[in-house]
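Q: Handing you this structure, nothing more for now.
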Amino acid sequence: MGYNSVEEVLQNNLIYKKEFNVYFDNLTKTLSKSTIDKIIRNLISIDEKFSLMLFDIDNFKTISDSFGPKQANDVLKLVGDALVETLKNDALIGRYSADEFVVLSNAYDYNDLWKFCKKAMDAVRNLKSPFKNFNITLTCGAATYPKDADSYDELFLKIDKALYRGKLKGRNCFIVYIDSLHKNIDISNRIERTTSLLDYCHREFMTKDTFNEKIKINNKFICDLLLLNCYYYDLEKNKIKTIIGNNNLKQPKEDFFKEILDKEDNISINDYSKLITSYPKFHEYCWDNNIKSLTIIKSFAFEKTYGYFIYIDSITKRVWNQEDKVVINYIVHMASMMKYYTEKNKKRKIN
């Protein structure tokens with residue numbers, strides 16, 4: 001079971017009585033990534049000390065490949081239920097990505113945090129697996145604010161290092177970050193995570209029948225994962241369509257994208273102030289729409305360009321890391337090829 005109301009979440013002693021837009025993950029009934037992320041950022045903004053853990057389901061891709069997506073979703077539900085049931089009085093639990101849960105706690109000291117992580121791990125280890133000869137386990141990375149990090153990005157960097165160390169140890173373990181032991185861990189090579197994300201996107205894409213459904217399911221996943229809004233600029237109609245997010249993005253002026261995309265098919269920006277001289281219309285548009293960072297990717301197949309997918313972060317000046325851009329590009333290119341062959345098949349039927 002998850003949290004049942006906004007009041008239950010706000011009553012937790014980690015959160016000051018401040019309004020949040022609280023949402024829940026439909027599958028696991030834990031907090032959504034956007035909600036838990038807002039809470040984490042708020043605690044950092046008021047300099048409240050806390051610990052944060054990232055729990056990754058071991059071999060989740062193998063589970064999905066071997067037993068199917070429905071059974072993989074059942075595992076997500078089992079893990080979510082176990083974490084909430086075990087930790088609900090002492091923590092907030094949210095789904096962070098396809099196979100990850102984030103847990104926020106006030107178990108701050110090393111020994112307390114170690115015991116807390118073990119309690120969570122044991123709850124999942126004791127689950128009765130629905131699969132013969134295949135146990136459900138987790139790998140966890142944990143760190144604290146502000147002892148281990150003084151910002152949101154640095155906190156997750158330390159957690160990623162601890163989690164990566166756990167993966168190297170063979171999974172089914174937890175690592176509490178210690179600077180002297182873990183600061184030099186190199187996590188630049190994250191091929192396994194990227195491959196898992198691409199595989200998940202492909203599987204979700206294939207579950208839907210229509211083009212619009214396929215586009216929405218993948219973009220919802222990546223936007224929930226990265227806290228983005230997604231829009232599609234249709235060149236033929238010269239119109240922006242909201243795919244995921246709110247509808248307050250203003251209609252662009254004619255040829256708005258042309259001034260910058262004539263020179264570059266794709267662009268990622270987190271400091272558009274540098275563009276005011278070269279691309280004044282583009283700068284004005286970002287300013288008017290409170291855009292902190294964005295990436296724009298051309299949708300094309302062979303000789304035809306359809307438009308541009310626009311991913312916007314209105315919260316922070318995001319650093320667009322390579323693995324996120326790979327996944328976003330993959331989604332756009334799948335959509336473009338799907339549109340190309342859909343139109344081609346329609347022409348064949350007409351002729």
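Q: Simple spin-label model, 7 Å along Cα-to-Cβ: residue 274 to residue 290 in nm?
A: 2.6
Q: Using label points projected 7 Å from each Cα along Cα→Cβ, tell me how many nm separate residue 171 and residue 122, to one decimal.
A: 2.3
Q: Please give me, ordered by residue number, the trypsin sites (Lys or Arg not before Pro) of region 69-167 that lie in loop per DSSP and have at most 16 other Cβ atoms within 10 Å.
A: Those satisfying the criteria are 88, 128, 132, 147.
Q: Can you give the accessible area per residue of region 120-210, in Å², using a 1.4 Å probe?
A: Here the residues of region 120-210 average 53 Å² of exposed surface.
Q: Here's something else I'd like to know. What is the extension gain from residue 114 to residue 133, computed as 0.36 nm multiplied by their sequence separation minus the C-alpha to C-alpha distance, in nm to one decimal?
A: Roughly 4.0 nm would be gained on extension.
Q: If the chain between residue 178 and residue 202 were fully stretched, how many nm would it gain, using 0.36 nm times the residue separation less the Cα-Cα distance?
A: Here the segment from residue 178 to residue 202 would lengthen by 4.9 nm.
Q: Around residue 173, what is the net charge, scoring Lys/Arg as +1 and Asp/Glu as -1 over all other residues with Cβ under 13 Å from its Cβ?
A: +3
Q: Using a 7 Å offset from the Cα along the Cα-to-Cβ direction at both residue 70 and residue 349, what is the distance between the two label points in nm, to one decimal?
A: 2.9
The values are calculated or read from the model by the stated rules, or taken from the named source; none is laboratory data. Here the structure is a predicted model, which is why all the values come from computation and not from measurement. For neighbour counting, all protein chains shown are included, and Cβ atoms are generated from backbone atoms with ideal geometry for every residue, glycine included. Please note that ligands, DNA and RNA were not included when accessible areas were found on the heavy atoms of the full protein model with its side chains. Shrake-Rupley method; radii C 1.70, N 1.55, O 1.52, S 1.80 Å.
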